[in-house]
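The values are calculated or read from the model by the stated rules, or taken from the named source; none is laboratory data. The structure presented is a predicted model; accordingly, all values stated were derived computationally and were not measured. So basically every Cβ, Gly included, is an ideal-geometry build from the backbone, and we count neighbours across all protein chains shown. These area figures cover heavy atoms from the full protein model, side chains too; ligands, DNA and RNA do not enter into them. Shrake-Rupley method; radii C 1.70, N 1.55, O 1.52, S 1.80 Å.
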Amino acid sequence: DHRYLHVRSRRQRQMCIRDRYSDISVDQGADFSAEVIVDDSDGTLASLTGYTVAGQIRKTYSSTTKVDFVCSITDAAAGEITIGLSNTVTNGMKAGRYVYDVEITKTSTGYKTRVIEGQVTVNAGVTQ
């Protein structure tokens, strides 16, 4: 049961996430990267060995158009996931609110677990 998360963005903001929900802010036309630390319900770092990770952004939950995060497990033993978007991708997104989630999949069984979800606010950019 992966319930408690910590998200640390490259901007050195750090916050403790409970109940798998966290809103994030992305600047249009800029690179975005954040680290997600997955803990088990008892506070122990979750081992992500044998898992894959994927995440998407959509305008609404039922939207067919999506933006894929570039996701990787950066330290399986420490439960560390990195999610990111390139400046090209964020430049192609309209300013506004979106929804997102990130899931891990156990490769041996195909069992999926959502580790984090929330809203994404894309802030309009001026410089092109």
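How far is it, in nm, from the label point at Ser72 to the one at Thr52 when both lie 7 Å from their Cα along the line to the Cβ? Placing both labels 7 Å along Cα→Cβ, they lie 1.6 nm apart. Accessible surface of Thr88, taken over heavy atoms with a 1.4 Å probe and every protein chain present, rounds to 100 Å².
Taking each residue as 0.36 nm, the span from Tyr61 to Arg114 lengthens on full extension beyond its C-alpha to C-alpha distance by 17.6 nm.
Note on Thr88/Ala124: beta-carbon distance plugged into 1/(1 + (r/R0)^6) with R0 of 25 Å gives a FRET efficiency of 0.90.
Computed log10 I(q)/I(0) for the chain at 0.11, 0.13, 0.14, 0.22 Å⁻¹: -0.37, -0.51, -0.59, -1.34, from the Debye equation with unit scatterers placed on every C-alpha and solvent omitted.
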